[in-house]
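Heads up: the structure comes next, in structure tokens.
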Amino acid sequence: MKEEKKNLETICVQAGWTPKKGEPRVLPIYQSTTFKYETSEQMAKLFDLEESGYFYTRLQNPTNDAVADKICQLEGGVAAMLTSSGQAANFYAIFNICSAGDHFVSASAIYGGTYNLFSVTLKKLGIDVTFIDQEASDEEIKKAFRPNTKALFAETIANPAMNVLDIEKFACIAQSQGVPLIIDNTFPTPINCRPFEWGADIVVHSTTKYMDGHATSVGGAIVDSGNFDWDAHADKYPGLTQPDDSYHGLTYTKAFGKGAYITKATVQLMRDLGSIQSPQNAFLLNLGLETLHLRMPRHCENALKVARYLQSRPEVAWVNYPGLEGNIYYDRARKYMPNGTCGVMTFGLKGGRDASVGFMDRLKLVAIVTHVADARTCVLHPASHTHRQLSDEQLIAAGVAPDLIRLSIGIENADDIIKDIEQAF
């Protein structure tokens, strides 16, 4: 009998781990590197991918798989995997289908660490990237594609530029070019946006942010929609559609169907590179996921109150929050994220960079930290911190002005947050 589809709130609390008679009600931490079998033949079948099971935590672990399954269900995908960080998820998502000599296209308004990963580190591996303005016309963006282009990448809400992506537009471009659309959905989370419903093919997350929600555990996730037809573009994706010599000539699309992409990322990339999330971190992530549906509305509610307050202050030059009426992305945010965007916003002070830094130093409740999107309100100056490796030209391309303050609103009482901001002015 087909299982009845659950609502997101129920998935947050119940999905991934279904205990049987006498088993723990709460997801256990399988804190073991290895797993026992009765015969050598049993183990051999696991190594040949002929049977599923656990034999070494670098490839799979029951705790991790339960949490990955929960995230997969939240996004509406067919398969998912956890990684050690959001950066590892971004790297695996691209490296799983790109190799030396390949190329991909990315929006320029993305997290600074991701920009550096794409423009510097992947380039050292022989993988080239072209950054484009996501607000450019379809025709202009298509000019960036080449015969060896393998993917299109963007963020649903750019960190820290706060640009809201036109997902349908990007999905149509990717489809017309025969490549998957990979979207980082960290800021809205699947509670507020489900990119697969708008045509995205693969979603990545820094689970370190709202999913964990408490700034306890670094982690990442990759989810595959199962909708991209790799075999229809077999020549472009030989890693998935041609035999893998490291598994006795197994072909992933033939052996695993819609699970091919995640299976390859697990048994090939995770096997060789080992960027695993620890079972302990996965356990903590699961605790965060259980309240994600409760926290996200509070983040959004508080953020809107703070954004409106900032907009009323004479010291403030500008406020950028997609949920704010009159924002350039307001209508687009209402389309893709009708229940709210996230708790993150940016703003600048009329005194420029020095005024912004001085304001931050006077905050008391709001902490200066290299983090964003957790339960506690925090603040950062990207040009001085997360994006300091970028040149002025790259900063502008990434949507980071010198005076830009990134403010991540937590789930405290909004009045207390506003009082702290007021005294800092």
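Measuring with a 1.4 angstrom probe and ignoring ligands and nucleic acids, Glu50 comes out at about 120 Å² accessible. The helix-based estimate of mean residue ellipticity at 222 nm for the chain, built from -39,500 (n - 2.57) per DSSP H run of four or more residues and divided by its residue count, is -9500 deg cm²/dmol to the nearest 500. For the chain, the longest principal axis of the alpha carbon atoms and the long axis of helix 167-177 meet at an angle near 40°. Here the accessible area of region 180-285 is 50 percent carbon and sulfur, with a 1.4 angstrom probe and all protein chains present.
Quick check: the distance between the Cα centres of region 272-293 and region 308-336, to the nearest angstrom? Answer, in whole Å: 33.
About its Cα centre, the dipole of the chain is roughly 600 debye, where the only charges are +1 on Lys and Arg Cβ and -1 on Asp and Glu Cβ. Along its principal axes, region 196-281 has C-alpha extents of 43, 33, 17 angstrom, given from the largest down. Descending by average beta-carbon neighbour count within 10 Å, the peptides 403-410, 292-299, 187-194 line up as 187-194, 403-410, 292-299, the highest first. Selection among Gly326, Ala383, Leu304 by position relative to the dipole of region 262-390 gives Gly326 as farthest towards the positive end (Cβ unit charges, Cα centre). Packing, as the average of other Cβ atoms within 10 Å across residues, places the peptides 72-83, 255-266, 209-220 in the order 72-83, 209-220, 255-266, highest first. Once C-alpha pairs closer than 8 Å and six or more residues apart are averaged by separation and normalised to the residue number of region 8-280, the relative contact order reads 22 percent. Region 365-425 and region 155-197 have Cα centres spaced 23 Å apart.
Normalised by 2.2 N^0.38 Å, where N is the number of residues, the C-alpha radius of gyration of region 295-424 stands at 1.00.
Beyond 28 Å, what share of the Cα-Cα pairs of region 1-137 remains, rounded to the nearest whole percent? Cα-Cα pairs of region 1-137 separated by over 28 Å account for 41 percent. Helix 292-312 and the long axis of the chain differ in direction by around 20°, with both axes built from C-alpha atoms. With the largest listed first and rounded to whole Å, the semi-axes of the equivalent ellipsoid of the chain from the Cα gyration tensor are 37, 26, 18.
The values are calculated or read from the model by the stated rules, or taken from the named source; none is laboratory data. Keep in mind that what you see is a predicted model, and the values were worked out from it rather than measured. Please note: Cβ atoms are built from the backbone with ideal geometry, for glycine as well, and neighbour counts cover all protein chains shown. Surface accessibility is based on the protein's heavy atoms, side chains included, excluding ligands, DNA and RNA. Shrake-Rupley method; radii C 1.70, N 1.55, O 1.52, S 1.80 Å.
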